[in-house]
Amino acid sequence: MPANEPYDVTIYTDGACDPNPGRGGWGAIVIERGKETILKGHERESTNNRMELTAALQAIRSVSGKSKKVVIYTDSQYLKNGIEEWMPNWIARNWRRKGGKLANVELWQELAKEIENHTITWKWVRGHAGHRYNERVDRIAKAAIREK
């Protein structure tokens, strides 16, 4: 993390499925006070979107203490747009989309609770475009798919 960034914690997240839907994996790199922590996990039956949400949720939960300034880098527009644009409307409609049922509602609800604990800036990065940490977290998520 460059010294000029005003964040206490920097997080990189990714989710993967093979096939989609199918066996899923997620990964996160959490950098706090210069220490890098790798988080990962998998589910037997999942979707890429569920894994993206799970990676962000688990990474945020891992942040020590409350009221930290956090930046999260994701290549998932579903995650970023869901948090920044769509969530207020889902909440207003009692966690429903305009068109009806909201997919992954339990994960969105858990994320809504967790993001209240910190000041979070969400940044989108293009996946598979050579971004060092995004490429690493992609490899972590894909490797997690194969774990037993």
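A few comments on the model shown:
- Pairing each residue of segment 63-89 that is under 16 Å from residue 113 (Cβ atoms) with any residue that is among the acidic types (Asp, Glu) and in a strand (DSSP E or B), provided the two are 6+ apart or on different chains, yields C-beta distances under 7 Å for 63/32.
- Any hit, segment 81-104, residues being within 19 Å of residue 58 (Cβ to Cβ) and of a type in the set (D, E, K, R): no
- Any hit, segment 127-142, residues being modelled with pLDDT of 95 or more and touching a Leu at 6+ places or on another chain (Cβ under 7 Å): no
- Given (1) at positive phi; (2) of a type outside the set (D, E, K, R); (3) modelled with pLDDT of 95 or more, number of the condition residue 78 does not satisfy: (1)
- Sole exception among (1) within 16 Å of the chain's Cα centre (by Cα); (2) part of a helix (DSSP H, G or I) for residue 127, by number: (2)
- Remark: pairs (first residue in segment 101-130, touching a residue at least 40 places away in the same chain (Cβ under 8 Å) and among the hydroxyl-bearing types (Ser, Thr, Tyr); second residue assigned to a loop (DSSP other than H, G, I, E, B) and loosely packed, with under 15 Cβ neighbours inside 10 Å; Cβ separation under 9 Å; 6+ apart in sequence or on different chains) = 119/67.
The values are calculated or read from the model by the stated rules, or taken from the named source; none is laboratory data. Here the structure is a predicted model, which means the values were calculated and not measured. Note that each Cβ is placed from the backbone with ideal geometry, even for glycine, and that neighbours are counted across all protein chains shown.
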